[in-house]
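Notes follow the structure.
The values are calculated or read from the model by the stated rules, or taken from the named source; none is laboratory data. Quick caveat: nothing in here was measured; it's all calculated off a predicted structure. Please note: Cβ atoms are built from the backbone with ideal geometry, for glycine as well, and neighbour counts cover all protein chains shown.
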Amino acid sequence: MQNYSLSDEERELAQLVRQFADEVVAPVAYEADRTHTLPLDVVAQMGEMGLFGLPFPEEVGGQGGDHFAVCLAIEGLARVDQSIAITLEAGVSLGAMPIYRHGTQEQKDRYLPDLLAGRALAGFGLTEPEAGSDAGATRTTARLQGGQWVINGSKQFITNSGTDITSFVTVTAVTGEADGRKEISTIIVPTGTDGFEVGPAYDKLGWHASDTHPLTFTDARVPEENLLGERGRGFANFLHALDEGRIAIAALATGAAEGCLEAALDYAQKRTVFGEALSTRQSAQFTLARMQQRVHNARLAWHHAARLCDAGKPFKTEAAIAKLTASDAAMDNARDATQIFGGNGFMNEYPVARHFRDSKILEIGEGTNEVQLLVIARSLGVA
């Protein structure tokens with residue numbers, strides 16, 4: 001990685017994660033992908049390194065870093081395995097961060113120590129069959145009855161929701177109406193709650209080692225104090241987390257784009273075609289140059305958005321630009337890298353094949369790229 005105005009501490013973190021990715025994550029990535037298995041021993045090592053606690057203050061068990069720091073780690077992991085990178089991203093932004101920001105002291109004391117140490121994971125149940133980009137269309141309900149929330153509904157595509165170390169999921173649910181509009185709140189539902197069922201893992205196109213399940217709630221009951229944050233503020237609180245998440249996804253996509261570039265460059269230099277290295281062909285040179293351009297632009301975009309975020313300045317539009325730029329870069333670089341590899345690029349044992357499958361979701365998740373365009377258009381006053 002080039003400098004990109006990193007501090008000494010940030011550069012050290014980036015190098016540490018890069019080394020961990022190469023020495024620990026990469027050797028097991030193919031088998032984890034092939035067997036659709038999240039390697040929990042790798043997750044545990046990430047916890048021991050403090051990666052899950054990066055953006056949290058030391059007084060709650062964190063590392064005292066910021067959003068930029070965890071995005072650096074996510075980018076470094078995504079170079080070799082997007083599934084591991086998204087496990088960290090979701091574990092921080094969707095698992096632990098809502099508890100830290102909106103939880104009561106009792107909720108923080110109960111859940112944060114294990115989440116920040118990587119001993120536990122948590123999911124965030126937002127998306128539903130009829131509520132994807134239109135999250136306000138939530139149909140899952142929660143009604144108070146005898147001091148308990150009674151939850152009914154379903155969620156889909158929920159990351160980190162069914163692992164052996166999943167502690168709970170936080171779900172958005174309609175808890176009433178206010179001024180004729182749905183009142184949406186967030187509620188903590190511990191693993192093992194009666195009436196809470198985690199469905200079989202999805203058979204996905206990519207991110208095979210990432211844990212993803214549908215969830216069903218049938219009269220699932222949790223105590224009233226499991227309300228997370230202020231009643232009726234669940235959707236509003238999530239929107240802020242979504243903007244931050246878009247920066248993290250942009251960092252992940254940048255790492256994926258760089259991983260494709262590194263693999264393609266190495267292959268082009270070693271592959272002999274008609275007696276010459278493939279890298280001596282101008283067509284390959286131009287392809288590699290375009291790939292480097294995309295990585296550079298994507299990294300600048302997410303760095304800028306993350307710096308604004310950590311400085312407490314408005315960053316919604318910049319996050320959308322970063323997510324759009326980086327996800328396009330990841331998909332384009334995956335396609336180009338696969339082409340450079342030729343027939344080998346079609347073999348799953350090569351990382352570019354996994355990046356080709358994995359990168360498509362980056363144009364869909366955390367708000368589709370069409371949603372990002374809408375956000376950017378609104379900032380221009382034309383939507």
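Key figures for this structure:
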read-out: Failed item, numbered, when Ala122 is tested on (1) outside any helix (DSSP H, G or I); (2) touching an Asp or Glu at 6+ places or on another chain (Cβ under 9 Å); (3) at pLDDT 95 or above; value: (2)
read-out: Sole exception among (1) under 16 Å from the mean Cα position of the chain (by Cα); (2) more than 16 Å from Leu242 (Cα to Cα); (3) surrounded by fewer than 22 Cβ atoms within 10 Å (Cβ to Cβ) for His355, by number; value: (3)
read-out: Check on Lys155, touching a Phe, Trp or Tyr at 6+ places or on another chain (Cβ under 9 Å), in contact (Cβ under 8 Å) with a residue 24 or more places away in the chain and in a helix (DSSP H, G or I); value: no
read-out: Candidate set from region 196-217 (those that are buried (at least 21 other Cβ atoms within 10 Å of the Cβ) and of a type in the set (S, T, N, Q)); member that is nearest to Thr159 (Cα to Cα); value: Thr212
read-out: Matching entry among Arg231, Arg307 (being of a type outside the set (Val, Ile, Thr), out of contact with any Asp or Glu (no Cβ under 6 Å at 6 or more places or on another chain), part of a helix (DSSP H, G or I) and farther than 30 Å from Gly343 by Cβ); value: Arg307
read-out: Pairs with Cβ under 8 Å, 6+ apart, first in region 198-215 and in contact (Cβ under 8 Å) with a residue 60 or more places away in the chain, second aromatic (Phe, Trp, Tyr) and not in a loop (DSSP other than H, G, I, E, B); value: Pro214/Phe157; Leu215/Phe196
read-out: Of the criteria (1) of a type in the set (A, V, I, L, M); (2) part of a helix (DSSP H, G or I); (3) in contact with a strand residue (DSSP E or B) (Cβ under 9 Å, 6 or more places away or on another chain), which one Val222 fails; value: (2)
read-out: Selection within region 88-107 - more than 21 Å from Cys71 (Cα to Cα) and surrounded by 18 or more Cβ atoms within 10 Å (Cβ to Cβ); value: His102, Gly103, Gln107
read-out: Pair list, Cβ < 6 Å and 6+ apart or interchain, from region 317-334 residues that are on the phi > 0 side of the Ramachandran plot to residues that are among the aromatic types (Phe, Trp, Tyr); value: none
read-out: Filtered residues of region 365-383 (kept if within 17 Å of Ala250 (Cβ to Cβ), assigned to a loop (DSSP other than H, G, I, E, B) and not β-branched (Val, Ile, Thr)); value: Gly365, Glu366, Gly367
read-out: Residue in region 264-316 that is nearest to Asp66 (Cα to Cα), counting only those that are touching a residue at least 60 places away in the same chain (Cβ under 8 Å) and among the aliphatic types (A, V, I, L, M); value: Ala306
read-out: Any hit, region 332-342, residues being under 24 Å from Tyr30 (Cα atoms), touching a Gly at 6+ places or on another chain (Cβ under 6 Å) and at pLDDT 95 or above; value: yes
read-out: Residue check for Val382: over 21 Å from Ala209 (Cβ atoms), in contact (Cβ under 8 Å) with a residue 12 or more places away in the chain and not polar (S, T, N, Q); value: no
read-out: Some residue of region 220-237 being free of Cβ contacts under 8 Å to residues at least 24 places away in the same chain, surrounded by fewer than 16 Cβ atoms within 10 Å (Cβ to Cβ), of a type in the set (A, V, I, L, M) and under 29 Å from Phe68 (Cβ atoms); value: yes
read-out: Residue match in region 138-158 (condition: under 30 Å from Val42 (Cβ atoms) and either touching a helix residue (DSSP H, G or I) at 6+ places or on another chain (Cβ under 6 Å) or in the same structural domain as Gly91 (by TED's automatic domain parsing) (or both)); value: no
read-out: Tally, over region 163-208, of residues that are closer than 24 Å to Arg101 by Cβ, part of a strand (DSSP E or B) and of a type in the set (A, V, I, L, M); value: 9
read-out: Which listed residue, of Ala90, Ala44, Ala96, is in a helix (DSSP H, G or I), farther than 24 Å from Gly365 by Cβ and in contact (Cβ under 8 Å) with a residue 40 or more places away in the chain; value: Ala44
read-out: Selected residue (only one of Ala268, Ala263, Ala256 is under 15 Å from Thr325 (Cβ atoms) and in the same structural domain as Ala289 (by TED's automatic domain parsing)); value: Ala256
